[in-house]
Structures are given as structure tokens and as C-alpha cells.
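Have a look at the structure below, then the notes.
The values are calculated or read from the model by the stated rules, or taken from the named source; none is laboratory data. Quick caveat, the model's predicted, so the values are computed rather than measured. Cβ placement follows ideal geometry from the backbone for every residue including glycine, while neighbour counts extend to all protein chains displayed. Areas reflect the complete protein model, heavy atoms only, side chains present, ligands, DNA and RNA absent. Shrake-Rupley method; radii C 1.70, N 1.55, O 1.52, S 1.80 Å.
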Amino acid sequence: MPELNGKRNGQAAAHRRMALAWALSLACAVAGVVISALVGGKAYVVASVIVVLCTIVPIFEARRPQARELVMLAVMCALAVAARAAFIWLPGFKPMAAIIMIAGIAFGPSSGFLVGSLAALTSNFIFGQGPWTPWQMLAFGLCGLVFGALAQRGLIRREKLSVRARVGMAASGAVFVVLVAGPILDTSSLFFMLSRITPEAIIAVYLAGFPMNCMQAAATFVTLLLAANPLLDKLTRVQRKYGMLVR
């Protein structure tokens with residue numbers, strides 16, 4: 001019994017250290033993005049590097065990822081980039097956020113944030129790098145982080161989703177894009193498109209971005225509804241086969 005209690009206390013302490021590491025890393029990432037914007041976006045390369053470092057540090061602080069796990073994360077990152085590039089002809093309709101959410105659900109919040117931030121950075125070699133890149137890395141990283149945390153707490157299933165569960169997941173993804181990820185991307189426009197920030201200008205920017213956010217939400221909804229179940233089932237089987245732990 002004392003051994004069991006000691007093991008539980010050790011796991012609780014590890015979770016607290018992980019949560020603290022992520023809180024500090026996320027705060028540093030947000031600070032880097034905002035400071036980059038305040039200096040006119042000229043330091044967006046530095047801000048992008050800061051976001052990547054803040055993504056990697058908590059993962060390696062908590063554990064040493066297996067090579068096969070890093071390969072799977074690289075595959076999910078490539079799939080997210082491909083999902084964005086495949087719809088280059090249809091502005092706004094990008095399934096990338098949905099793929100990142102699936103990565104977070106399957107591999108955990110830390111890995112989800114890593115896939116999201118790197119997918120945004122990598123895909124911008126196709127769509128164009130700029131002061132908006134760190135904001136995109138933060139927004140898409142949060143997609144993986146939040147949905148990974150929801151799955152970790154048992155609020156989202158990782159396999160064998162019912163129709164009701166798939167609809168709920170898809171609706172949650174769409175709402176997150178409209179209320180969180182989209183507005184974060186719109187916020188970058190306040191710094192780079194306006195010479196003077198006023199209440200009227202803020203309202204205009206967010207209203208102008210709302211239709212695009214809705215289109216992105218629609219892409220997220222459709223992708224999660226159709227692809228989440230088969231993808232999660234396959235990823236879960238791979239994890240079980242090779243003994244990969246979800247963190």
C-alpha cells in the first residue's frame with residue numbers, strides 16, 4: 001500500500017511539473033509573439049524560433065521521446081501541411097486545423113502543440129513567411145494542445161467514435177476555430193495592417209475576418225466528421241503495437 005501511494009504521489013508530482021513547464025513555455029511563446037508584433041514584425045523569425053523552442057522544451061523536459069514517436073509526429077505534420085496545400089485553390093477552406101487536432105487527441109497535448117506549430121511554420125514555405133507566421137504557429141499549436149488536453153481528460157475518445165461523438169468533436173473543432181484560433185490570426189492584422197489601432201478599427205478587422213474563420217471552421221468540421229474516426233483508429237493501433245505512450 002505505501003508503495004502504491006508513493007507511485008501515485010510520484011505521478012502527481014510529474015503531472016504538476018509538466019503543467020508548470022507548459023504554463024511557462026506557453027507564456028514565453030505568447031510573449032515572444034506579442035513583442036515581435038510590437039516592434040513591427042521585423043523579428044518574426046526570432047519569434048518563430050522562440051515558439052518552436054517553447055514547444056520542444058516541455059516534451060524533452062518530461063521524457064525522451066522514442067524515435068518511432070518522432071517519426072509519427074513528423075508524418076502528422078506532413079499530413080497537416082499537405083491538407084493545407086491541397087486546398088491552395090480555395091482560400092480559407094483549409095483542413096489543417098482538423099489534422100492537428102487529431103494529432104493532439106492521438107498523441108497528447110504536448111505533441112499536438114508541436115505538430116501544430118511546426119505545420120504552420122513549414123506550410124508557410126509554400127504560402128509565404130512573414131510577420132503573421134508566429135501568430136499562425138501559436139493559433140494552430142493551440143488547436144493541438146487544447147484537443148490533446150480534452151482527450152487526456154477523457155472528454156474526447158481516441159478510438160471507435162460513435163456518430164454522436166464524431167459530430168460533437170467536429171462541432172467542438174469548428175467552434176474552437178471561430179472563437180479562438182481565428183481571432184488569434186485576426187489579432188495579427190491589428191499590428192500589421194493598421195497604422196493606428198482604434199475601437200472602430202478593431203471591430204472592422206474582426207468582422208472582416210469572421211467569414212474566413214467560418215470557412216475554416218467548416219473545413220475543420222467536415223474533416224473531423226469524416227477523417228477523425230479512421231485516422232484515430234489507425235494511430236491507436238500503431239501506438240499499441242509499438243508501445244508508444246500518450247503524453
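Observations
- Taking each residue of region 8-36 that is of a type outside the set (G, A, S) and looking for partners that are part of a helix (DSSP H, G or I) and modelled with pLDDT under 70 with beta-carbon atoms closer than 6 Å, six or more apart or interchain, yields M18/A62; W22/P58.
- The set of residues from region 108-138 being out of contact with any Ser or Thr (no Cβ under 8 Å at 6 or more places or on another chain), open to solvent by less than 10 Å² (accessible area, probe 1.4 Å) and closer than 17 Å to A83 by Cβ comprises G112, V115, G116, A119, S123.
- Test for V163: is it open to solvent by 50 Å² or more (accessible area, probe 1.4 Å), among the aliphatic types (A, V, I, L, M) and in contact (Cβ under 8 Å) with a residue 60 or more places away in the chain: no
- With respect to the stated conditions, V205 is aliphatic (A, V, I, L, M), open to solvent by less than 50 Å² (accessible area, probe 1.4 Å), over 23 Å from R84 (Cα atoms) and over 14 Å from the mean Cα position of the chain (by Cα).
- Residue within region 143-158 that is surrounded by 21 or more Cβ atoms within 10 Å (Cβ to Cβ), among the aromatic types (F, W, Y) and either in contact with an Asp or Glu (Cβ under 9 Å, 6 or more places away or on another chain) or under 26 Å from S123 (Cβ atoms) (or both) present: yes
- Cross-chain or 6+ apart pairs with Cβ under 8 Å, region 231-247 first and at negative phi, then assigned to a helix (DSSP H, G or I) and at pLDDT below 70: R247/M18; R247/I59; R247/A62
- Residue within region 51-69 that is at pLDDT 70 or above, among the polar types (S, T, N, Q) and over 18 Å from Q129 (Cα atoms) present: yes
- Restricting attention to region 19-37, the residues that are modelled with pLDDT under 75 and open to solvent by 40 Å² or more (accessible area, probe 1.4 Å) total 2.
- Filter result for S172 (hydroxyl-bearing (S, T, Y), at pLDDT 90 or above, open to solvent by 10 Å² or more (accessible area, probe 1.4 Å) and under 24 Å from V222 (Cβ atoms)): yes
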